[in-house]
Amino acid sequence: MERLRACRLELSACSFDGGSSNGRTAAFEAVNRGSNPCPPANGVPCMSAHDIVLVVVVKRPRDLELLLTERWYRIPVAHAPVRRPSCLAFYQPAAFGVYGKCIRYYARILTRRAVSRRSMLPDEPHHPRANERYYRIRVGKIHTLRRPIRNIVPRRVTFGFTTLHRLRTARDLLQLYNVTPIEQMVEDGLQRAGIHAIPQRVVVGGTRRCRLDFAVFCTRGSIAIECDNTASHQSPIQRARDRQKDAFLHSIGWTVVRLSEREIVTDLPECITRVHAMIRTFGGSSHDAGHVGVHME
């Protein structure tokens, strides 16, 4: 009963653009009693702990209403990740008030179809992106996490990949994305120094892709900042992987700055000074270069 009450409060606490309260209440009741108003297609496999999950943002309370009542979510075709996940997890931002800054729900993907925004939301014909193409992603049963995953730090959330196991066990976004404490120390230091660094940036080159701890875009180049904790990076195998990653990044024009755990813990200001010097070498920071915002409206 408490979970059902919380879901109803979540709806009443947010302002919706249309839609009946009966439909919203029924959707929440369905989620919490485990039924599925929109049954999945026959033959959909059960979810596995190793399934790839794409974390997406539900920007508006109305979008949450559509998700729960009609079982679909939308992603702009132009900004859709190349990697195809098995499931979606739904991050609710600060717009949801006391129910925001967390992930509460997730679901398996059933189908994906490219359509215009206007066809999905015909009551918003004058929206600036009404004619743009979106993937309409139909999902199956919506599951509620036993405890919400909180954005405690906080970190900016757009698209991000994780596994179903991490989604079900993480307590906060740092655990969800396997962000180590030293990465948080470096991020805090970069922010205090006024350095615009993008955490967990995915870089693609040909058929290969890798995730950077931090990316800094400059006027005449790009810098990858890697934070190497001792436990994970001391083995010969991992060191070889680090060298391969560095070589790949160099081949597509990146400069790599590796910061060891010992350097970060004992002399963080010197680490930040190294980054500052590299940024000056490349003509200063360029905040917008290579950084594409994701529009979900």
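Throughout, read-outs are computed from the coordinates displayed, never taken from laboratory work. If you're wondering where the values come from, they're calculated on a predicted model, not measured in any experiment. With ideal geometry, Cβ positions are generated from the backbone for all residues, glycine too; neighbour counts draw on all protein chains shown.
What the table shows:
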| quantity | calculated |
| --- | --- |
| Residue order, fewest to most surrounding Cβ atoms within 10 angstrom, among V82, V275, V216 | V82, V275, V216 |
| Cα extents of the range 146-286 along the three principal axes, largest first (Å) | 49, 35, 29 |
| Per-q log10 I(q)/I(0), the range 76-141, q = 0.15, 0.21, 0.22 Å⁻¹ (Debye; single scatterer per alpha-carbon; no solvent) | -0.64, -1.05, -1.08 |
| For E226, distant residues with modelled amide H under 5 Å away | V257, R258, L259 |
| Per residue convex hull volume, Cα atoms of the range 68-214, in Å³ | 159 Å³ |
| Rg/Rh (Cα only; Kirkwood hydrodynamic radius) as it applies to the range 194-252 | 0.99 |
| Modelled FRET efficiency - R0 25 Å, R262 with I198, Cβ distances, 0.05 increments | 0.50 |
| Trypsin sites (Lys or Arg not before Pro) restricted to the range 193-258 and DSSP loop, no more than 16 other C-beta within 10 Å | R220 |
| Inverse of mean 1/r across different Cα pairs in the range 118-174, Kirkwood, Å | 14.8 Å |
| Projected label distance in nm at L110 and R168, using a 7 Å step from Cα toward the beta-carbon | 2.2 nm |
| Debye equation applied to the C-alpha atoms of the range 57-104, log10 I(q)/I(0) at 0.14, 0.23, 0.29 Å⁻¹ | -0.38, -0.93, -1.17 |
| Proximal lysines to K141, defined as alpha-carbon separation beneath 30 angstrom and excluding residues fewer than eight positions away on the same chain | K59, K101 |
| Stretch gain in nm, segment Q191-R129, where the contour uses 0.36 nm per residue and the Cα spacing is subtracted | 19.0 nm |
